[in-house]
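Peer 1: Quick one: structure below, then a few questions.
The values are calculated or read from the model by the stated rules, or taken from the named source; none is laboratory data. The model shown is predicted, which means the values in this text are computed figures rather than measured ones. Heads up, the Cβs are rebuilt from the backbone with ideal geometry, glycines too, and the neighbour counts pull from every protein chain shown.
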Amino acid sequence: MSAVNPRRWWALAVLAAAQFMVIMDTSIIGVALPEMQRDLGFSQGDLQWVFNAYVIAFGGLLLLGGRLSDLLGARKVFVSGWAVLIAGSVVAAAASTAWVEVVGRAVQGVGGALIAPASMTLLMMLFGHNPKELGKAMAFYGAAAPAGGTAGVFLGGVFTEWASWPWVFIIYIPIGIATLAATGLLPAVAGKRGSVDLLGAIAVTAGLALAVFAVVRAPEVGWGTTETVLELVGAAVLIGLFLVIQRSVKAPLMPLGVWRTPGLASSNLSMALLGAAWIPMWYFLNLYLQQVLGYGAFASGAALLPMTVLLMIFMTMITAKLLGKFGPKPLIAGGLFVLAAGLVWLSAVEPTGTFVVDVLPASLVAALGMSLAYIPAMMAAMSGVPQEQAGLASGIVNTTYQVGSALGLAALTALATSQGAGKLGDLPALTNGFSSAFIGAAGVAAVGGLLTLVFMRGRAPQAEAQQSSAPTGEKAVA
């Protein structure tokens with residue numbers, strides 16, 4: 001393949017669209033959750049598995065997806081990922097029981113775990129020759145992630161209100177087919193010889209799933225019961241086994257030496273806590289709008305549209321400029337503190353509240369915090385690694401975000417349920433439960449801000465060099 005691909009900008013459009021759809025898959029189900037709960041028989045506590053089944057498979061298998069992309073060729077893995085995502089969408093759309101729905105969502109997550117790292121590898125191949133073009137491409141690609149996450153809330157409302165909840169999955173079938181038809185624009189990448197660390201992938205995914213399962217069930221069976229303790233110990237053993245495997249195999253999914261990169265550990269910690277605060281906020285805000293304020297699916301999605309607009313404006317036009325001026329540390333810490341402030345404001349929701357008073361201003365403050373922190377955290381995680389490890393760093397930071405999201409949602413669902421969020425129809429109890437979850441998420445975000453101030457360096461090692469080589473406003477990394 002030549003150094004400069006003449007169709008690289010068209011190829012970028014395909015990759016950005018794929019990133020948009022993969023991340024949208026984590027959010028498009030939010031507005032549809034109450035209808036899915038009624039039709040499929042989910043309990044209030046178990047409803048989160050519609051979300052967590054996806055993010056556990058997605059986050060747990062991202063590193064494996066990156067390794068397969070290296071061995072088999074990125075375009076082949078990209079195509080395979082979309083085929084798996086389409087299959088999972090068919091299962092999820094056709095589900096008539098709760099467990100089938102969870103299986104379908106997990107299969108979708110597997111597809112996403114193949115698509116995301118392959119997309120990053122292809123992007124680096126297309127634009128890695130030119131730092132200025134790479135900055136532009138990263139900004140476009142980076143903005144696709146939060147755009148997909150927030151747009152999914154609105155589109156989920158449209159499909160659920162005017163069709164039915166299965167359409168939030170059916171929509172992936174024609175889009176997936178269209179994406180597969182456009183993969184000819186992507187460069188064909190030869191694979192390389194090597195082995196696959198399947199045991200490591202199984203250990204880390206099983207450990208994460210068991211940890212979330214234990215936290216989800218703890219309010220029902222008791223935190224101090226033998227059952228819960230054994231599940232948490234088992235999760236710790238599996239994750240420890242994963243680390244041992246990474247030290248012993250020739251081709252590990254996550255070479256532990258990468259953690260010596262300055263700034264990688266602190267930025268991943270910030271990213272995990274960002275996900276643990278942001279995703280529960282989005283989840284419980286959807287439930288508050290529908291189960292307390294009585295909004296329909298479309299109205300609930302439309303109510304969160306202002307957050308989408310703010311996120312897009314700040315991430316594409318403002319955050320990157322601030323990043324070039326101040327570096328990632330103050331933006332990540334400041335963003336987490338602003339997110340915490342918005343969550344504290346949201347915790348004042350009332351059973352008889354209104355969108356304009358109880359939701360809109362607080363949600364915009366929270367979205368501003370997310371806008372300030374997300375791309376700088378991604379930048380800080382990737383800026384210190386050599387280009388040949390960019391895919392690995394991207395996989396790690398995406399994994400920590402997904403892991404943080406899953407564990408944060410599980411823990412805060414347990415908190416919300418213990419404070420009344422499981423009492424459907426009892427508006428004061430529901431509101432108290434959701435308010436408790438918002439307070440808990442605010443605490444997570446505030447801790448993230450403090451830890452960022454303590455452990456992160458003032459600037460990521462290569463951030464200034466990258467800023468100087470990319471046009472102003474176009475340095476975002478995803």
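Peer 1: Considering every residue within the stretch 427-439, establish whether at least one is within 11 Å of LEU336 (Cβ to Cβ), at pLDDT 65 or above, assigned by TED's automatic domain parsing to the domain that holds THR352 and not aliphatic (A, V, I, L, M).
Peer 2: As a first pass, look at the stretch 427-439 and keep what is within 11 Å of LEU336 (Cβ to Cβ): none.
The answer is no; no qualifying residue exists.
Peer 1: Applying the selection to the stretch 228-249, what residues are over 16 Å from LEU392 (Cα atoms) and in contact (Cβ under 8 Å) with a residue 40 or more places away in the chain?
Peer 2: Residues satisfying the conditions are PHE242, ILE245, VAL249.
Peer 1: Between residues in the stretch 259-275 that are in contact (Cβ under 8 Å) with a residue 60 or more places away in the chain and residues that are surrounded by fewer than 24 Cβ atoms within 10 Å (Cβ to Cβ) and of a type in the set (Gly, Ala, Ser), which pairs lie under 6 Å by C-beta distance while being six or more apart or on different chains?
Peer 2: Matching pairs, first to second residue: THR261/GLY384; PRO262/GLY384; GLY263/GLY384.
Peer 1: How many residues are free of Cβ contacts under 8 Å to residues at least 40 places away in the same chain, β-branched (Val, Ile, Thr) and in contact with a helix residue (DSSP H, G or I) (Cβ under 6 Å, 6 or more places away or on another chain) if we restrict to the stretch 355-379?
Peer 2: 1
Peer 1: Condition test on LEU368, is it in contact with a Pro (Cβ under 9 Å, 6 or more places away or on another chain) and not basic (Lys, Arg)? Spell out how you get there, then give the answer.
Peer 2: Working: in contact with a Pro (Cβ under 9 Å, 6 or more places away or on another chain): no; not basic (Lys, Arg): yes.
Here the answer is no, as LEU368 does not meet what is asked.
Peer 1: So the check is Cβ under 9 Å with 6+ separation or different chains; which pairs have a first residue in the stretch 41-61 that's farther than 16 Å from GLY408 by Cβ and a second one that's assigned to a helix (DSSP H, G or I) and of a type in the set (Phe, Trp, Tyr)?
Peer 2: Every condition considered, the pairs that remain are PHE42/TRP49.
Peer 1: Do we find a residue being surrounded by 23 or more Cβ atoms within 10 Å (Cβ to Cβ) and of a type in the set (S, T, N, Q) anywhere in the stretch 79-90? First the steps, then the outcome.
Peer 2: Step one: of the stretch 79-90, the residues surrounded by 23 or more Cβ atoms within 10 Å (Cβ to Cβ) are 81-82, 85, 88-89.
Now drop any that are not of a type in the set (S, T, N, Q), which leaves 89.
The answer is yes; a qualifying residue exists.
Peer 1: Of all residues in the stretch 349-367, which are within 22 Å of LEU322 (Cβ to Cβ) and either under 16 Å from the mean Cα position of the chain (by Cα) or surrounded by 22 or more Cβ atoms within 10 Å (Cβ to Cβ) (or both)?
Peer 2: Of everything in the stretch 349-367, those that are within 22 Å of LEU322 (Cβ to Cβ) and either under 16 Å from the mean Cα position of the chain (by Cα) or surrounded by 22 or more Cβ atoms within 10 Å (Cβ to Cβ) (or both) turn out to be SER363, ALA366, ALA367.
Peer 1: So ALA265 clears everything in (1) more than 27 Å from GLY353 (Cβ to Cβ); (2) assigned by TED's automatic domain parsing to the domain that holds ALA366; (3) modelled with pLDDT of 95 or more except one condition, right? Which one?
Peer 2: (3)
Peer 1: Another question about this same structure. Against the definition (loosely packed, with under 14 Cβ neighbours inside 10 Å and either of a type in the set (Ser, Thr, Tyr) or under 21 Å from the mean Cα position of the chain (by Cα) (or both)), how does THR205 come out, yes or no? Write out each step before concluding.
Peer 2: Numbers: loosely packed, with under 14 Cβ neighbours inside 10 Å: no; either of a type in the set (Ser, Thr, Tyr) or under 21 Å from the mean Cα position of the chain (by Cα) (or both): yes.
When the stated conditions are applied, THR205 does not pass them.
Peer 1: Still on this structure, I have one more. Quick one: count up the residues across the stretch 51-69 that are within 14 Å of the chain's Cα centre (by Cα) and either assigned by TED's automatic domain parsing to the domain that holds VAL215 or not polar (S, T, N, Q) (or both). Talk me through it step by step, then tell me what you get.
Peer 2: Filtering the stretch 51-69 for residues within 14 Å of the chain's Cα centre (by Cα) gives 51-62.
This time we only want the ones that are either assigned by TED's automatic domain parsing to the domain that holds VAL215 or not polar (S, T, N, Q) (or both), so: 51, 53-62.
Going through the stretch 51-69 one residue at a time, the tally reaches 11.
Peer 1: Still on this structure, please answer the following. Confirm whether VAL153 is under 30 Å from SER300 (Cα atoms), touching a residue at least 60 places away in the same chain (Cβ under 8 Å), of a type outside the set (Phe, Trp, Tyr) and touching a helix residue (DSSP H, G or I) at 6+ places or on another chain (Cβ under 9 Å).
Peer 2: Details: under 30 Å from SER300 (Cα atoms): yes; touching a residue at least 60 places away in the same chain (Cβ under 8 Å): yes; of a type outside the set (Phe, Trp, Tyr): yes; touching a helix residue (DSSP H, G or I) at 6+ places or on another chain (Cβ under 9 Å): yes.
Yes; evaluated as a whole, the condition is true for this residue.
Peer 1: Is it fair to say ALA211 is farther than 17 Å from ILE115 by Cα, within 19 Å of the chain's Cα centre (by Cα) and surrounded by 15 or more Cβ atoms within 10 Å (Cβ to Cβ)? Even if it seems obvious, please write down each step before you answer.
Peer 2: Numbers: farther than 17 Å from ILE115 by Cα: yes; within 19 Å of the chain's Cα centre (by Cα): yes; surrounded by 15 or more Cβ atoms within 10 Å (Cβ to Cβ): yes.
It is true that ALA211 is farther than 17 Å from ILE115 by Cα, within 19 Å of the chain's Cα centre (by Cα) and surrounded by 15 or more Cβ atoms within 10 Å (Cβ to Cβ).
Peer 1: Given the conditions (1) surrounded by 16 or more Cβ atoms within 10 Å (Cβ to Cβ); (2) modelled with pLDDT of 90 or more, report the number of the one that TRP282 does not fulfil.
Peer 2: The one condition TRP282 does not meet is (2).
Peer 1: Now for a separate question. What are the residue pairs meeting all of these: first residue in the stretch 10-22, first residue in contact (Cβ under 8 Å) with a residue 24 or more places away in the chain, second residue outside any helix (DSSP H, G or I), Cβ atoms under 8 Å, and 6 or more apart or on different chains?
Peer 2: From residues that are in contact (Cβ under 8 Å) with a residue 24 or more places away in the chain, the pairs are ALA11/ASN5; ALA11/LEU186; ALA11/PRO187; VAL14/ALA182; VAL14/LEU186; LEU15/LEU186; GLN19/ALA478.
Peer 1: Sticking with this one: Within the stretch 172-195, count every residue that is among the hydrophobic types (A, V, I, L, M, F, W, C), crowded, with 16+ Cβ neighbours inside 10 Å and either modelled with pLDDT under 85 or touching a Ser or Thr at 6+ places or on another chain (Cβ under 8 Å) (or both).
Peer 2: Going through the stretch 172-195 one residue at a time, the tally reaches 1.
Peer 1: Regarding PHE337, is this residue more than 16 Å from SER436 (Cα to Cα) and under 23 Å from the mean Cα position of the chain (by Cα)? Quick ask: steps written out before the conclusion?
Peer 2: Working: more than 16 Å from SER436 (Cα to Cα): yes; under 23 Å from the mean Cα position of the chain (by Cα): yes.
Here the answer is yes, as PHE337 does meet what is asked.
Peer 1: While we're looking at this one, here's another question. Residues in the stretch 254-262: is at least one of a type outside the set (A, V, I, L, M), touching a helix residue (DSSP H, G or I) at 6+ places or on another chain (Cβ under 8 Å), closer than 21 Å to GLY65 by Cβ and at pLDDT 90 or above?
Peer 2: No, the stretch 254-262 contains no residue that is of a type outside the set (A, V, I, L, M), touching a helix residue (DSSP H, G or I) at 6+ places or on another chain (Cβ under 8 Å), closer than 21 Å to GLY65 by Cβ and at pLDDT 90 or above.
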